[in-house]
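Enquirer: Below you'll find the structure I mean.
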Amino acid sequence: MMRILDTCKSVALIFILLMFLRISAQAQSQQSSNEIFAAMRMESIVDSLLAKMTLQEKLGQLNQFRWVYGENEEKIREQYRAFVKEGKIGSFLGIFGVEKTRELQRIAVEESRLAIPLLFAFDVIHGFRTIFPVPLGEAASWEPADAEKSARIAAIEAAASGLHWTYAPMLDIARDPRWGRVVEGAGEDPYLGSQMAAARVRGFQGADLTAENTLLACAKHFVAYGAAEGGRDYNTADISERTLREIFLPPFKAASDAGVATVMAAFNEIAGIPMHAHGQLINGVLRDEWNFPGLVVSDFTGILELQNHGVAGTRADAGILALKAGVDIDMVSSSYLEDLPEAVRQGKMPMSVVDAAVARVLRLKFQAGLFDDPFRYQNDEREQNLLLHKNHLQAAREIARKSIVLLKNENQTLPLAKSIKNLAVIGALANDNRAALGSWHGAGRDEDAVTVLRGIREVIPEENISFANGYENPESLDKSGFAEAVALAAKSEAVVLVLGEHGGMSGEASNRSSLELPGVQNQLAAAIHKTGKPVVVVLMNGRPLSINWLDQNMPAILETWFLGTEMGHAVADVLFGDYNPGGKLPITFPRSVGQIPLYYNHKNTGRPPLKEVLWTSKYIDIDWTPLYPFGFGLSYTTFAYSNIVLNPKNISPSGTLDVRVTVTNTGKVDGDEVVQLYIRDEVGSVTRPVKQLRNFKRLFFKAGETKTVSFELDASDFSFYNAAMKKVVEPGYFTVFVGGNSQDVIEARFEIRAH
Ligand code: GLC
């Protein structure tokens, strides 16, 4: 009897399994047939519109204007409304809000001849109304899941305000902290940058681009914008193809693989060819090599600037060069709208090139769901309820906390006791709402930002806190505030000294020739230091700073970047121990600007630096090593690494390697550790970096807890471009390094066999 029952059970199980497989196969085939149907419908809409469009209407779709604010705004807006009606504008930059976007969309779909909906774009870089840490700060969390979450929330809020398209994520690898836009990216490493790129694209675009809470993302600035010589924004980039392919292109490839809808061309040239005219990279690599199906938009006047670059004699020539190179939309140069009709008539611009670009614009609008419902993103209730939602603020606080990096903590200065009776908070930045938001803060409002001072005031009683600006603003040379600040410090039990840059000292065009603390802040720090009180430095900055004096003299230093709307709460959580900081630097901090460029994945050279040997690659006046290395960050606890095991000991070029390491929280406090895995190819047919990040995991450890952390490496992790610029995996010996930063590591060797 039992046997019969067992048999019946197994038959039933098999039947259920088969049904499940059939249903899931059907579901998949249903999904793929839905996708096929949608694609067919999209192409039929595109083809039928192209067949009806006049040349002017076609070029109108390739034309983007920025909504105007300020002088003569109403007169210019009236002209733009007329252009929309005439089909001369396909998209706008810089307009948001349900009411305003709904009115423009209504004109497009009800008053223009072909009723083609408009796209509304805006720079939603690290939040829309709820502002998250600046991207460089968020990268310090080494938590792609958080980057995805913040982008998701940014999309929810921006789309609720009528927006379809964000000009983010910014993916420019930066090795020169003088460059203002280092604040906007994910730092110096292509692997970390690629992980953040894909995460942010997933966050912005969500699972369904037609949904009313998703945004079209834009991978920018294509490409090597961060290689600007001298760290001067917009300047020449002159790099090898190998550096281009191994350092600057990977985050864009990751974004393309993640399905990013659009790409923005960069302002710079690379080795003589301006990116807005770079057909080899836009059409050649992005489109042909990577099969990127999406749209490329120019950067602001990037097409017009081809004349300054000296590759176009007229605006019309610039427009022809750009459209032929693959730049589909002209952001505010007006060249496509005004010059290309004649270029087409003269046979200088094939209609096939125009049609291909217009088709990409129309597809983008279809993908955003605008042909189904042009007003899908205009909903007053969503706009009322979603901006600055309490859940968004809570997420912003959690992500901000994880972005904080503890650079120094001697004598257990941190965390501070909440029972402290007299805490002096010094520094104007502590009370600077705008600074907390950082650059490119979307529709963020100063008044929503929680400052460091407010964050502290919400933890300890007002009567136990004293505050002084100390400096008037970060760049001020005025020392008249020192006396009051020193007096408060002298009477206090401890000092929180907030130093750094204001939000406008990094970001577009905000390049610095120095990496020192601006103004007289070092002098203020010295004066406070003389009081002999324990001092916690809270750094607010958008780039690495050469804080040598602080590092030598101050017992505790927190790197807090610009953490956004919840800055003060996040900093206070860490200051008073409610959160144990676990962030790691996504970019090297040099001792001096004179060391730039300085990055961890450098080559060994023929004479690697040796302190005791003069004739090696170093300086005679300072230590050649970084002040803080890439991947560096401390914790209120400590971690130990041991027992690295590689299995097997050798692999074929297509094999996989299992890496295991034992990590222990050897302290008394729970905390996160970012376990980082680097490799080195010991001998290659071309020179290889001394280290390359190839994986990382941010893990939580209870006090005293030990974990075996494992990684799997495969051929793609060991590949590089050989002398012939072919991507290869070469046999030979490799070293694997694992640690809590790029310098303090344990290592083991393995071999890749010839086959
Ligand atoms: C700016 C920036 C770019 C931004 C665009 C639109 O010049 O380079 O990142 O998306 O203009 O604001």
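The values are calculated or read from the model by the stated rules, or taken from the named source; none is laboratory data. Please read these numbers as outputs of a predicted model, since none were measured by experiment. So basically every Cβ, Gly included, is an ideal-geometry build from the backbone, and we count neighbours across all protein chains shown. SASA here: full protein model, heavy atoms, side chains in, ligands and nucleic acids out. Shrake-Rupley method; radii C 1.70, N 1.55, O 1.52, S 1.80 Å.
Enquirer: I need the shape label for the stretch 399-595. Rule: rounded when a/c is under 1.5, else prolate if a/b > b/c, else oblate, with a, b, c from the alpha carbon gyration tensor.
Expert: Note, shape of the stretch 399-595 comes out rounded.
Enquirer: For the ranges 63-75, 255-267, 367-379, what's the packing order if you count other beta-carbon atoms within 10 Å of each residue, average per peptide, and put the highest first?
Expert: 255-267, 367-379, 63-75
Enquirer: Which lysines, on any chain, are close to LYS408 with Cα under 16 Å apart, when same-chain ones fewer than 8 places away are left out?
Expert: LYS584
Enquirer: In a shell of Cβ-Cβ distance under 14 Å around GLY279, excluding GLY279 itself, what net charge do Lys and Arg (+1) and Asp and Glu (-1) give? If you can, show how the numbers build up before the last one.
Expert: Numbers: positive: ARG287, LYS324; negative: GLU269, ASP288, GLU289, ASP328.
Spelling it out: positives minus negatives among the neighbours equals -2.
Enquirer: Which value, in debye to the nearest 20, gives the size of the charge dipole of the stretch 22-383 about its Cα centre, when Lys and Arg are +1 and Asp and Glu are -1 at the Cβ?
Expert: 580
Enquirer: Provide the FRET efficiency to the nearest 0.05 for the THR687-GLU712 pair, computing r from the beta carbons and using R0 = 30 Å.
Expert: The formula returns an efficiency of 0.65 here.
Enquirer: Another question about this same structure. What aspartates and glutamates does LYS618 reach when the alpha-carbon gap must be under 18 Å and sequence neighbours fewer than 8 apart in one chain are set aside?
Expert: Reachable aspartates and glutamates: none.
Enquirer: Given the stretch 45-123 reduced to its alpha-carbon atoms as identical point scatterers, what log10 I(q)/I(0) does the Debye formula return at q = 0.19 Å⁻¹?
Expert: -0.77
Enquirer: OK, next. Just reorder TYR191, TYR336 by solvent-accessible area, largest first, 1.4 Å probe, all chains present.
Expert: TYR191, TYR336
Enquirer: Could you calculate the contour length gain from SER480 to GLU508, that is, 0.36 nm times the residue separation minus the distance between their Cα atoms, to one decimal place in nm?
Expert: In short, 6.9 nm is gained.
Enquirer: Summarise the accessible area of the chain (1.4 Å probe, protein heavy atoms) by the percent that is carbon and sulfur.
Expert: The computed percentage sits at 52.
Enquirer: Could I ask something else about it? Let me know the charge dipole size of the stretch 508-614 about its Cα centre in debye, to the nearest 20, where only the beta-carbon of Lys, Arg (+1) and Asp, Glu (-1) is charged.
Expert: So the magnitude is around 500 debye.
Enquirer: Measuring from label point to label point, each 7 Å out along Cα→Cβ, what is the ARG41 to TRP549 span in nm?
Expert: So the two model labels end up 6.6 nm from each other.
Enquirer: Determine by what factor the alpha-carbon radius of gyration of the stretch 514-620 differs from 2.2 N^0.38 Å, reporting the quotient.
Expert: This ratio for the stretch 514-620 stands at 1.32.
Enquirer: Let me ask something additional. Report, in whole Å, the centroid distance computed from the Cα atoms of the stretch 162-223 and the stretch 331-404.
Expert: Taking the Cα centre of the stretch 331-404 as reference, the centre of the stretch 162-223 is 15 Å away.
Enquirer: Something else: At what distance in angstrom do the alpha carbon centres of the stretch 457-486 and the stretch 73-105 lie from each other?
Expert: One Cα centre to the other: 46 Å.
Enquirer: Percent antiparallel among DSSP beta bridges with both residues in the chain, to the nearest 5?
Expert: Expressed as a percentage, antiparallel bridges in the chain total about 55.
Enquirer: Okay, next question. Ratio to report: Rg/Rh of the chain, with Cα atoms as the point set and Rh obtained by the Kirkwood method; give two decimals.
Expert: Values: Rg = 27.7 Å, Rh = 27.8 Å.
Rg divided by Rh gives 1.00.
Enquirer: Using a 1.4 angstrom probe, figure out how much accessible area the chain has per residue, in square angstrom, rounded to the nearest whole.
Expert: 39
Enquirer: Just want the answer: with Cβ charges of +1 for Lys and Arg and -1 for Asp and Glu, which residue in LEU114, VAL263, LEU249 is farthest toward the dipole's positive end in the stretch 22-383?
Expert: Projecting each Cα onto the dipole axis, the largest value belongs to LEU114.
Enquirer: Find how much the distance from ASN647 to LYS348 grows on full extension, using 0.36 nm per residue of separation minus their present alpha carbon separation; answer in nm with one decimal.
Expert: On the way: separation 299, 0.36 × 299 = 107.64 nm, distance 6.05 nm.
The span from ASN647 to LYS348 would gain 101.6 nm if fully extended.
Enquirer: As a test of reading the structure, rank ARG749, ARG175 by solvent-accessible area (1.4 Å probe, protein chains only), most first.
Expert: Values: ARG749 125, ARG175 35 Å².
I get ARG749, ARG175, largest accessible area first.
Enquirer: If I take every Cα pair under 8 Å that is 6 or more residues apart in the chain, average their sequence separation and divide by the length, what percent do I get for the relative contact order?
Expert: Value for the chain: 12 percent.
Enquirer: Given the C-alpha atoms of the stretch 353-447, compute the convex hull and give its volume per residue in Å³.
Expert: 218
Enquirer: Using only the alpha-carbon atoms, what does the stretch 127-218 span along each of its principal axes? Please give whole angstrom values in decreasing order.
Expert: 38, 22, 19
Enquirer: Give the lysines reachable from LYS707 as a straight Cα distance under 19 Å; neighbours fewer than 8 places away on the same chain don't count.
Expert: LYS668, LYS697
Enquirer: Further question on the same structure: For the stretch 82-181, rounded, prolate or oblate, judged on the Cα gyration tensor with a ≥ b ≥ c (square roots of eigenvalues), a/c < 1.5 rounded, else prolate if a/b > b/c?
Expert: Cα axes put the stretch 82-181 in the prolate bin.
Enquirer: Quick one: Cα centre-to-centre distance for the stretch 657-702 and the stretch 568-598, in angstrom?
Expert: If you average the Cα positions of each part, the centres end up 19 Å apart.
Enquirer: Right, next: Quote the charge dipole size of the chain about the Cα centre in Debye, to the nearest 20; the model charges only the Cβ of Lys and Arg (+1) and of Asp and Glu (-1).
Expert: On the way: 77 positive and 89 negative charges, 288 e Å.
Here the chain has a charge dipole of around 1380 debye.
Enquirer: Keeping all protein chains in the complex and leaving out DNA, RNA and ligands, what accessible area do you get for SER150 with a 1.4 Å probe, in Å² to the nearest 10?
Expert: The value for SER150 is about 10 Å².
Enquirer: Note the count of lysine pairs whose C-alpha atoms are less than 26 angstrom apart in the stretch 43-152, limited to pairs 8 or more residues apart or on different chains.
Expert: 11
Enquirer: What share of all Cα pairs of the stretch 22-383, in percent, falls into each consecutive 20 Å distance bin?
Expert: Spelled out bin by bin, the stretch 22-383 gives 31, 60, 9, 0 percent.
Enquirer: Rank-order 124-132, 410-418, 275-283 by packing density, defined as the average count of other C-beta atoms within 10 Å over each peptide's residues, highest first.
Expert: On the way: 124-132: 29.9, 410-418: 15.3, 275-283: 22.4.
Ranked by mean Cβ neighbours within 10 Å, highest first: 124-132, 275-283, 410-418.
Enquirer: Which of the three applies to the stretch 639-752, rounded, prolate or oblate, going by the alpha-carbon gyration tensor with a ≥ b ≥ c and a/c under 1.5 meaning rounded?
Expert: Prolate, since a/c reaches 1.5 and a/b exceeds b/c.
Enquirer: Which GluC sites (Glu not before Pro) in the stretch 538-646 sit in a loop by DSSP (not H, G, I, E or B) and have at most 15 other Cβ atoms within 10 Å of their own Cβ? Could the numbers behind the result be given before it?
Expert: On the way: sites: GLU559, GLU566, GLU612; in loops: GLU566, GLU612.
Those that pass, being in a loop and sparsely packed, are GLU612.
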